[in-house]
Structure formats: structure tokens, C-alpha cells
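Here the structure is laid out as C-alpha cells; the discussion comes afterwards.
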Amino acid sequence: MQIEYSEHRAMTTDIFKLQEVWKECIEELKQSIAAKIQQSTSTTKRNEYDERLNNMADDPVCKRLSLIITFRNDHDKLEQVITSTFSRQDQSSEKSRQANKNQSLIDIKESYDVFCKSVNVLDISKEGQLAWDNAKKAYDLATSKIEQQLTQLLKNKLAKAATASDMLQVFSDFNKLLMRPKIRATITQYQSQLLNQVHKDIDKLKNKLFQQDKMDKTLNKARDLPDIVNKIVWMNNLNKKLKFYQDKVSTILGANWES
């Protein structure tokens, strides 16, 4: 939990490989136990094998490892979001910006350290699970306060935006914040405004391209060019324009908006 994140990522790859081998071995063992159940004539033995099989239905070690990996990844992403967000604010407020960033990073690090000290992450007993749940709740509460600060900062910037272009620039500067579900949920009204504008722009583009298509067909007939030439040019123009608007939507909704 305390190693560098780059080392954690490398170790994660090895853990996933090990989990796959472990799952294969467990599956083979399950099949062996199931065969013994079929072969056994003793009720006691059959019940014993059944109990072993049921105990292997869930693998608590793999589950806990997956939780640890997800927790560490989410923590690192939050640190990246904080660093990126405060790094792209107005340079006129350099001291304030740096102070806010430093304090937020200190707060998130303290929350992480408290979590690590209050739980043995590899303890998969009932007591260990309870300790994990309590530590995770405390961590989530602390990070929620940081998210609230970031949300307020973003909303203030959006409220001050005079035009759609200004608002789009704010979304571009704070794009990584949109990965946080709680933050994204509070700025839907601003997203809706910009998406409506994008929708109108696409309608204008569609009408413009259809008009252009008619003109190109007339010109191609005069030049004695086949219709396929016009279709290729038309599709190329459409793809370029749609890519432009797709990037706009990505800026407004955040990365992975299609999934």
C-alpha cells in the first residue's frame, strides 16, 4: 500500500496473472471434488465433499486483492485530478492556486495514511472485513469533502462564464474532474446547455452539407465527373466535422462518455 504507484501498477499485472493461474487450479480442484462426490457411497463423505465445494465457491483472497487494487488506483486518480485541476487555473491567482493544491494533496494523503494504519488489508477474517469497511467509510468521508471543494470551484467558474465558448473552456480546463461521479452529477445543468448548443450546431452542419451536396453534384455534372467522387468528398467533410463535435462532447461529458 505504501510503495510507489508505478511499482504498484507493475505488481498489479503480476497479481492478475497469478489470479488467473489460481482460478484454474481452483476449478480443477472443484472438478476433482465433484467427481469424488459422484463416486462416494458414504453420506458422511458426500456431505464433507459438498461442504468443501461450497467453501470454494467464493475466493476471499482474490476478492480482497481486487479491492486493494481498485482502492489504490482510485486514490492515485484523485491525486492526479487535484494536481491537474489546480495546475490549469488562472495564473493571476498563482499563490492561492498553489496553496489550494498543496492543502488538497495533504488532505488526501492524510486520509490515505489513516486508512493504511487502521486496517490490515490482507486480513480476510470477519474482524478484518469489518475493519476494512470502517476504514473505507472514513476515507470516503474525507475524500468527499475534497470533492465538494473541487465541485464548488468548478461551479463558480461555470457560473462566471459569459458565453458558450467560455463555458467550454472551463470544461476543458477541469475535464478530469468529470471522472468523479459526484462532481459530474452537480453540473448537469451546464452540460445540458452546451449539449443543446452542440445539437443545434450539428443540425446546421447537416443542412449545410446537404446544400453543399446539391451544389457539388451540379458542378460534377458540368465537369463530367462520376457521382462517387462527390460522395467521397462529402463523407470526408462529414467525418472531419463530426470528429470536431465529438471532441466537444468529450470535453463536456468527460473521457469515456461513450461507454
Check: Which residue out of GLU51, GLU94, GLU79 is part of a helix (DSSP H, G or I), at pLDDT below 65 and either of a type in the set (D, E, K, R) or at positive phi (or both)?
Finding: GLU94
Next item on the list: Looking only at segment 140-157, decide whether some residue is of a type in the set (Lys, Arg), farther than 22 Å from HIS75 by Cα, in a helix (DSSP H, G or I) and not assigned by TED's automatic domain parsing to the domain that holds ALA99.
Entry: no
Next item on the list: May I ask you to list the residues in segment 108-142 that are among the acidic types (Asp, Glu) and under 26 Å from the mean Cα position of the chain (by Cα)?
Entry: GLU110, ASP113, ASP133, ASP140
Next item on the list: Please list, ordered by first then second residue, the pairs with beta carbon atoms under 6 Å, 6 or more apart or interchain, first in segment 61-85 and surrounded by 15 or more Cβ atoms within 10 Å (Cβ to Cβ), second of a type in the set (S, T, N, Q) and part of a helix (DSSP H, G or I).
Entry: CYS62/GLN19; ILE69/THR12; ILE82/SER104
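The values are calculated or read from the model by the stated rules, or taken from the named source; none is laboratory data. Keep in mind the model is a prediction, meaning the values are calculated, not measured. Virtual Cβ from ideal backbone geometry, glycine too; neighbours counted across all protein chains shown.
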